[in-house]
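Peer 1: My questions all concern the structure below.
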């Protein structure tokens, strides 16, 4: 039995089934998701290219041709996007600036962006909560440096982002308390300011974390003791609302409960000054230059296919 | 809430009366004519009024919780069917296939808690409405294509639906409805991707709903390819058309409620 040539449309359904299986496999994590999808996409792409070159009837239908070429373009764009994208995240306390350093990042092999040029400052945020801590609107005031080097101010939140040098900045649903400290070293050198990022609130009730004072090996273990939940479970409220609290700090085996303004002198020298209870916001940063082109490609594909079907169906009248 | 439920009940009674009328008239071998359309449009208007009251009261569209999704899809599927009923009179006997599907949704609606939904802030975008609008047209076209397929398969067993055109013509019509559903399915996915990008910072995340919607899209693609390439029989086409609708049904009414991702309960 002779196999049909690669240009044969008889291959297409098999490759489509293969792509469907690949998608299920990728979603279930049964194997490398990239290869499960790349193989059927390459096969479909080769099938389509061969059909365009070999099949004159295919070329004679411009709407159908444009649709398929646009699909091919979309696949190439998705591939390019995966090679050059960046998805990162970072947490910033009110007043802190982002200057290109991410907490975590995923990126393509050929990411050539300029993240180091992205500068923005978290100027404070308000997250509204309804009853049962149902998350509502986020309003985060930020300041950023534009392409000309001048500062701009604006508000971001759900569906409202700012794009800097191609990177889109999003607020996330993660935010939490952040006690701010100033460390006064024993040798009278310059004080160092820092903050502990407690786990996301109100998602996690247990509010504890450890901070190693920069330039030392002193570990500060802090636990936030709230007299009552910072957001009323029944009525809702806003975050961050600084509640009545104490900060239980353990350093070198010694534990103290601190309130803002308290100082904690260490036996080994140096003083830890608890300044205030602030809050951090988690940001997601996304870069994918193909996004706009993908949208344009899919719109061309859909319009050309609609045109093709319109012509095809209007030419053949069904007598009912 | 009582007022909107009252009008919903009136609408459901209207749908049931219209469906019963259609079945009795079909059994008597008579044509349903414009009377059924008038009954359906009255019930549809009452249902639309009920949805509007809820929308106005809650401040957001009826597509967040299970009650709202079933109710709004019942409305949109009925609307699509009314358009087909009015525009293509020869397809009116399809009521005997389509109305039972709508009855299933009505029965389901009656056992679902109509509690008030909360509108997540990430849903506050026009792209959501575009996404949902395209999705409803896709589902409506897929329902008609599947109903045509059911008729073809029924006729292989018994000589029912004799007033409908021959199988090859129904097959061609089914293909055309699948083509419409394919265009709107594509638009639905593209609009959803734009919304997802704005809301969650990614246009595609391989979550369970996205994977199912891709499978649905591939299935429609497959159906559109098989017919001209392999010249499959109307019965084989019918089976694939029905399969497309079943997967779409699961995707619309099943997957969103088992999904644990942020993308759930929203079609």
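The values are calculated or read from the model by the stated rules, or taken from the named source; none is laboratory data. These numbers come from a predicted model, not from an experiment. All Cβ positions, even for glycine, are placed from backbone atoms using ideal geometry, and neighbour counts span all protein chains on display.
Peer 1: Taking the conditions exactly as written (buried (at least 19 other Cβ atoms within 10 Å of the Cβ), in contact (Cβ under 8 Å) with a residue 40 or more places away in the chain and closer than 22 Å to residue A:164 by Cβ), does residue A:98 satisfy them or not? Steps first, please.
Peer 2: Working: buried (at least 19 other Cβ atoms within 10 Å of the Cβ): yes; in contact (Cβ under 8 Å) with a residue 40 or more places away in the chain: yes; closer than 22 Å to residue A:164 by Cβ: yes.
Considered against the rule, which asks whether it is buried (at least 19 other Cβ atoms within 10 Å of the Cβ), in contact (Cβ under 8 Å) with a residue 40 or more places away in the chain and closer than 22 Å to residue A:164 by Cβ, residue A:98 comes out as yes.
Peer 1: Counting only residues that are more than 11 Å from chain A (Cβ to nearest Cβ) and part of a helix (DSSP H, G or I), which one in the stretch B:105-128 is farthest from the chain's Cα centre (by Cα)?
Peer 2: Among them, the one singled out is B:111.
Peer 1: May I ask you to say which residue of B:102, B:94 is at negative phi, within 14 Å of chain A (Cβ to nearest Cβ) and buried (at least 20 other Cβ atoms within 10 Å of the Cβ)?
Peer 2: Numbers: B:102 fails: within 14 Å of chain A (Cβ to nearest Cβ).
Every option except B:94 fails the conditions.
Peer 1: Scan the stretch B:224-241 for residues that are part of a loop (DSSP other than H, G, I, E, B) and either over 13 Å from residue B:149 (Cβ atoms) or modelled with pLDDT of 95 or more (or both) and report the count. Full working, then the answer.
Peer 2: Residues of the stretch B:224-241 that are part of a loop (DSSP other than H, G, I, E, B), as a first pass: B:231-233.
In the following step, the residues that additionally are either over 13 Å from residue B:149 (Cβ atoms) or modelled with pLDDT of 95 or more (or both) were identified as B:231.
Final tally of qualifying residues: 1.
Peer 1: Yes or no: residue B:60 in a helix (DSSP H, G or I) and either outside the structural domain of residue B:130 (by TED's automatic domain parsing) or free of Cβ contacts under 8 Å to residues at least 12 places away in the same chain (or both)? Break it down into steps so the answer makes sense when it comes.
Peer 2: Values: in a helix (DSSP H, G or I): no; either outside the structural domain of residue B:130 (by TED's automatic domain parsing) or free of Cβ contacts under 8 Å to residues at least 12 places away in the same chain (or both): yes.
No, not satisfied.
Peer 1: Report those helices (runs of 4 or more DSSP H) wholly inside the stretch A:1-95 carrying at least 2 residues which are outside the structural domain of residue A:199 (by TED's automatic domain parsing) and either touching a strand residue (DSSP E or B) at 6+ places or on another chain (Cβ under 7 Å) or in contact (Cβ under 8 Å) with a residue 12 or more places away in the chain (or both).
Peer 2: Values: elements: A:11-28, A:33-54, A:56-59, A:62-84.
Of the helices (runs of 4 or more DSSP H) lying wholly inside the stretch A:1-95, those with at least 2 residues that are outside the structural domain of residue A:199 (by TED's automatic domain parsing) and either touching a strand residue (DSSP E or B) at 6+ places or on another chain (Cβ under 7 Å) or in contact (Cβ under 8 Å) with a residue 12 or more places away in the chain (or both) span A:11-28, A:33-54, A:62-84.
Peer 1: Name the single residue that is nearest to the chain's Cα centre (by Cα) among those in the stretch B:179-211 being within 9 Å of chain A (Cβ to nearest Cβ) and closer than 22 Å to residue A:14 by Cβ.
Peer 2: B:182
Peer 1: Which condition number does residue A:100 fail, the rest of (1) in a helix (DSSP H, G or I); (2) modelled with pLDDT under 90; (3) touching a helix residue (DSSP H, G or I) at 6+ places or on another chain (Cβ under 9 Å) being met?
Peer 2: Every condition holds for residue A:100 apart from (1).
Peer 1: Exactly one condition in (1) in a helix (DSSP H, G or I); (2) away from chain A (no Cβ under 14 Å) is false for residue B:159; which is it?
Peer 2: It fails just one condition, (1).
Peer 1: Here is a further query. Give me the residue from the stretch A:306-320 that is outside any helix (DSSP H, G or I) and within 10 Å of another protein chain (Cβ to nearest Cβ) and, out of that set, surrounded by the fewest Cβ atoms within 10 Å (Cβ to Cβ). Reasoning before the result, please.
Peer 2: Here is the first cut: in the stretch A:306-320, the residues outside any helix (DSSP H, G or I) are A:316-320.
Those left that are additionally within 10 Å of another protein chain (Cβ to nearest Cβ): A:316, A:318-320.
On the way: A:316: 8, A:318: 14, A:319: 5, A:320: 11.
Per the criteria, the residue is A:319.
Peer 1: Go through the stretch A:137-161 residue by residue and tally those that are in contact (Cβ under 8 Å) with a residue 12 or more places away in the chain and either within 14 Å of chain B (Cβ to nearest Cβ) or within 24 Å of residue B:127 (Cα to Cα) (or both).
Peer 2: So the first thing to find is which residues in the stretch A:137-161 are in contact (Cβ under 8 Å) with a residue 12 or more places away in the chain, and the list is A:137-147, A:153-158.
Next, only the ones that are either within 14 Å of chain B (Cβ to nearest Cβ) or within 24 Å of residue B:127 (Cα to Cα) (or both) stay: A:137-140, A:154-158.
Counting residues in the stretch A:137-161 that are in contact (Cβ under 8 Å) with a residue 12 or more places away in the chain and either within 14 Å of chain B (Cβ to nearest Cβ) or within 24 Å of residue B:127 (Cα to Cα) (or both) gives 9.
Peer 1: Follow-up. Which of the residues belonging to the stretch B:160-191 are without any contact (Cβ under 8 Å) to a residue 60 or more places away in the chain and over 30 Å from residue A:293 (Cα atoms)?
Peer 2: The answer is B:160, B:162, B:166, B:169, B:172.
Peer 1: Out of all the residues in the stretch A:295-305, is one or more assigned to a helix (DSSP H, G or I), modelled with pLDDT under 90 and surrounded by 14 or more Cβ atoms within 10 Å (Cβ to Cβ)? Full working, then the answer.
Peer 2: Just the residues of the stretch A:295-305 that are assigned to a helix (DSSP H, G or I), to begin with: A:295-305.
Next cut, modelled with pLDDT under 90 only: none.
No.
Peer 1: For residues that are in contact with a helix residue (DSSP H, G or I) (Cβ under 9 Å, 6 or more places away or on another chain), under 17 Å from residue A:10 (Cβ atoms) and modelled with pLDDT under 90, tally how many sit in the stretch A:54-69.
Peer 2: Of the residues in that region, 1 qualify.
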